[in-house]
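In what follows, a single structure is set out as structure tokens and then discussed.
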Amino acid sequence: GGFRRGQDDQGTEMMPSGGRRRAPGRRARGGPGGPDGPGGPGGPGGPGGRGPRDPRDFDDEPEPDGRGWKRFLPNWKIVLASAVVLAAGLFGMIAVAYINTPLPTEKEAQETAIAQGSTFYYHDGQVIARLGTKRVAITIDQVPQHVRDAVVAAENRSFYQDSGIDLSGLTRSVWMTATGQQTQGGSTITQQMARNYFQGLSTEQTIKRKVKEIFIAVKLDKEWSKDKVLEYYLNTVPFGRNTYGIEAAAREFFNKPAKKLTVAEGAYLAGRIQQPGNFDKAESEGDYKPTQERFAYVVSGMSQMVDENGKPKYPNITTTAKFPKPREARPSQEFGGLKGYMITQALFELRTTRNLSREDVESGGYKIITTFDKKLMQAAQRAVKATTTPMSKEFHAGLAAVDPATGRVLAFYGGDNYIHDPWNEPFDSRKQAASAFKPYVLAAWLDAGFSLNSWVPGSETVPKELPGTTKITNGERVPSSIDVTYATAHSINTAFASMAFALPGKLDDVRSIAEAAGISKKAIDEDENGVGGAHGHGYQLAIGSVGVTPVEQAAGYSIFANEGKHVDYHVIQEVRQGKTVVFPEKRDVRQVISPESAADAVTAMEQVLKVGTAAGKGIGRPAAGKTGTNNDEKEAWFVGFTPQLSAAVGMYREQCRTDSGKIVQPEYSNCPITPGGKPSKKYGPNNPYTHPKEVSLGFQGADAPTTIWRTFMMEALQGKPVKDFPPKSGIGTPENIVPSPTPTPSPTPTDIFPTDFPTDFPPGPGGNGPGGGNGPGGCVPGDLSCNNDDGGLQLNPGSNPTGPNQGGGTGGTGAPASTPVTSPSGAGNRRSGQ
């Protein structure tokens, strides 16, 4: 069978012929004259004479061949000969390459096709898991004709007529490959079969691979029958859900052998061949539109097929074939426990940085060495569980630990079982950084040439009305004039907002440092400028209104732990095929701030654990860090580091609420999609029974997050050598940005940090003790009785519709409290059922 082809009448349009008309008034030049007289007006003369001169020829001199501009033109014979030689050489090279491209035996092909699973390893070579393939080989006579036709309609409608390649598709594919665009596409079924079966074709993402694929496809078309090619193709092509081959796909999606597939089921599976991974992702989220559209395309193609007599093979298929909804995917045990989080993140990085799809990995025979440390992964889980087990499932915690010198993610905690809860907290959850963002302001301050010994305002911002920013205050009584170290240790909002304003580039300097340290540019843009019609936060960026992830923060603080240098975080150490390293580690080091600026920033941040908001939470060796808590204590952080290890812990709380406001307990930390998790006609992925609503944790960053961080770091660094930070450099110029007349500082900071304060300013009476940092949103601006150690961002008053006090979680005028982030799970924020 094949497709009906329209016949066009073809004729030849006759054009009138005739001589070329000479321009009016122009005479024909005479031929050369004979010896005894001039030649005639148009004919040749005898040798030696000249014909009459053209009146427009002002040069009486003869114009022999080879003179004038003509001498620069190559002889046409030479051009033709050169073209023939070049063409012959090109075709000769192609012929030699074609002849020297071997066609593996069927046995070799089968062995190559089957033994292609990939293995994931911890950084030290211990196996994490192996992603193999679900494949059951069958013969072509076990595949119904309508299933074969569906595959042809989906992938290669000229399959039964072409010679193994499709010239139009081939031209497009070669061009895209040559220009560095997508390297696959335009391939016939024969080419795809060759790529699936023969080792090397699926891994060489180059013109060489494409040419080799073409040669093998042409040879296969000559030596194998179409049915044989189709049989091998149907036994190896990926359909999604880790299935390869039509038999495995039929059992996975419809729980039946291929020979029992209906026309509609065959069309559905054939449509999946195009983008199995993307279709898996969409369907897992309850979105069947992409597969429905592809199903319609296949059915349309089948409706055009005709038999050997020219009659339609499926005359009524467009009306009779209904989209068959497949059965739900069953969890793969390879993804159980912590393994699923590691594998998923590794797959995400392979796809986004190496252009390797999951199908490539499952069929490529790769050895994938990750950066993960098994002992530290287990330590991270124990640290989180030790603190959160007494809490309800409404509480969520994410931990990420990064080697500051290499950017390698050594450990993280995203959940206990990926099968039950695929949301990976440290990579997927983007929450307001709160005061844990202030170190980037500190870095910009020091790198701009200011000193730790500078005076900064403690009681109000300078200027009082920051451009485009609602009033920023502190959560409790603060001395009116403090130094930068004190401001860092006690997390003083007004000081950091004023420091950002005093920078030469103002907020641009802050965002430049943060982005260079790995904080999402998109998140900063949306926070500063607003999104969805909401106003931006302006200088509230300086006190942490931007959304960050734990892994971004752990890697971002590496600029302090690694003497100003930053390496982007990554989870892939290297990828091998056999003994060959096909994808080495990507590690680009960049100097974000000077080593001297980093040393002084560390000096200030060490005080957080000594006498500041996290006092008493040290780990018995040099360490530094920063707490953070946003409005109403909805999100809380601690990010800390030693010279060897940087780790971040972020926490938040979500209640599952029905449309009527009823609170329902989560299932595996997820909000239920249906009542009791049972099938429901009313509720589903697109209309969930409950929705998550972020509520107060009831504690701050100095509490549970710091406790988790401390527990993890003490176990992770046990037995490791104690390393000191570089000494304070004391760079920069002491400045006074407190309004004149300068309020005299409190003596309390002098007692705490006597060597960090300027000595050239007159002392004076101070406040009633050290301030407590940025208090929670529950503190009304100006309410000095509000007592919090490291409270929330003082954002837009009245932004919380549920309470009278300042706060509300979002700040500003309605910008979201959390910014979506593209992640392996395909979502931005934790959603129902995830």
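The values are calculated or read from the model by the stated rules, or taken from the named source; none is laboratory data. These figures come from a predicted structure and were not determined experimentally. Counting neighbours? That spans all protein chains shown, and the Cβs are built from the backbone with ideal geometry, glycine included.
Brief remarks follow.
- Top-ranked residue in region 527-559 [being buried (at least 21 other Cβ atoms within 10 Å of the Cβ) and either among the hydroxyl-bearing types (Ser, Thr, Tyr) or over 20 Å from residue 435 (Cβ atoms) (or both); ranked as nearest to the chain's Cα centre (by Cα)]: 549
- All of 733, 707, 690 fail the test of being in contact with a Cys (Cβ under 7 Å, 6 or more places away or on another chain), hydroxyl-bearing (Ser, Thr, Tyr) and at pLDDT 85 or above, apart from 690.
- When 695, 722 are checked against the criterion of being modelled with pLDDT of 95 or more, over 27 Å from residue 564 (Cα atoms) and in the same structural domain as residue 649 (by TED's automatic domain parsing), a single residue qualifies: 695.
- Strands (runs of 3 or more DSSP E) completely within region 615-732 that count 1 or more residues being in contact (Cβ under 8 Å) with a residue 24 or more places away in the chain and in contact with a helix residue (DSSP H, G or I) (Cβ under 6 Å, 6 or more places away or on another chain): 624-629, 635-641, 646-657
- Evaluation of residue 654 against the conditions (1) touching a Leu at 6+ places or on another chain (Cβ under 9 Å); (2) under 28 Å from residue 696 (Cβ atoms) shows that the sole unmet condition is (1).
- Residue, nearest to residue 585 (Cα to Cα), within region 369-400, restricted to residues that are outside any strand (DSSP E or B), among the hydrophobic types (A, V, I, L, M, F, W, C) and touching an Asp or Glu at 6+ places or on another chain (Cβ under 8 Å): 379
- Within region 388-413, the set of residues being closer than 29 Å to residue 633 by Cα and either surrounded by fewer than 22 Cβ atoms within 10 Å (Cβ to Cβ) or in the same structural domain as residue 705 (by TED's automatic domain parsing) (or both) comprises 388, 389, 390, 391, 392, 393, 394, 395.
- Scanning region 489-509 for residues that are among the aromatic types (Phe, Trp, Tyr) and either within 12 Å of residue 458 (Cβ to Cβ) or buried (at least 24 other Cβ atoms within 10 Å of the Cβ) (or both) yields a single hit, 496.
- Per-region count, region 406-452, residues of a type in the set (Phe, Trp, Tyr) and not in a helix (DSSP H, G or I): 5
- So residue 365, is it touching a Phe, Trp or Tyr at 6+ places or on another chain (Cβ under 9 Å) and not hydrophobic (A, V, I, L, M, F, W, C): no
A quick yes/no check of all residues on (1) touching a Leu at 6+ places or on another chain (Cβ under 8 Å); (2) on the phi < 0 side of the Ramachandran plot:
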position: 603; (1), (2): yes, yes
position: 608; (1), (2): no, yes
position: 617; (1), (2): yes, yes
position: 627; (1), (2): no, yes
position: 632; (1), (2): no, no
position: 639; (1), (2): no, yes
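- If the condition is being over 27 Å from residue 648 (Cα atoms) and crowded, with 22+ Cβ neighbours inside 10 Å, then region 689-712 contributes 689, 690.
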